[in-house]
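Following: one structure in structure tokens, then a few remarks.
Every number in this text was worked out from the coordinates using simple rules, so none of it is lab data. Owing to the predicted nature of the structure, the values given are computational and were not obtained by experimental measurement. Neighbour counts run over all protein chains shown; Cβ positions are idealised from the backbone, glycine included.
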């Protein structure tokens, strides 16, 4: 609303100017106002995440554009998370190269709520979480990424399509595989 009011004020002040400027302003406003909302609901554009992997390399969620991506919130100390990991591994193996209605391939962006890097890395190896995108700011429950997404319990996950749009939440156990199967071409 504030942007709209500012724009209307500018339009009023430019009213006496050339109509081409006025048309340009309306075009810019209409493009801006029809953009996808960034949010946390199904149908919203997922907020960007960019955190370091265990090697210190920053990995961005947006690097995975074009694929279905499961944003998985977990921690090495979380028993239910560790019990869910075999389901993630199986889904990754089965669907990583699949073609979907809105995305080619399936990737997992694992955001850990660990505070201790060695425990985090040990759990990745022990549970054979062999995908590339493991990230954490080692903030525990104060993790910026989990707070951006409003995560209050783990395991928790959000599935986004190839355009970065949220299409499902909290798919656990066989529900993840069933949903991925329903999205295949």
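I need the per residue convex hull volume for the stretch 50-183, using only the alpha carbons, in cubic angstrom as a whole number.
Spread over its residues, the Cα hull of the stretch 50-183 gives 92 Å³ apiece.
What ranking of 108, 42 emerges when the number of other C-beta atoms within 10 Å of each C-beta is taken as an exposure proxy, fewest first?
On the way: 108 22, 42 12.
With the fewest neighbours first, 108, 42 line up as 42, 108.
Mind jotting down the distance between the C-alpha centroids of the stretch 148-173 and the stretch 45-120, whole Å?
10 Å
Consider a paramagnetic label point 7 Å from the Cα of residue 148 along Cα→Cβ; state which residues of the stretch 70-111 have an amide N under 19 Å from it.
Output list for this probe position: 70-75, 107-111.
Between residue 83 and residue 125, what length comes free when the chain is fully extended (0.36 nm per residue of separation minus the Cα-Cα distance, one decimal in nm)?
Working: separation 42, 0.36 × 42 = 15.12 nm, distance 1.45 nm.
Contour length minus the Cα-Cα distance gives 13.7 nm.
In what sequence do 44, 170 fall when counting other Cβ within 10 Å, fewest first? Before the final figure, lay out each step's value.
Working: 44 15, 170 12.
Taking fewest neighbouring Cβ atoms as first place, the list is 170, 44.
Just rank 57, 84, fewest to most, by other beta-carbon atoms within 10 angstrom.
Details: 57 10, 84 21.
Ordered from fewest to most neighbouring Cβ atoms within 10 Å, 57, 84 come out as 57, 84.
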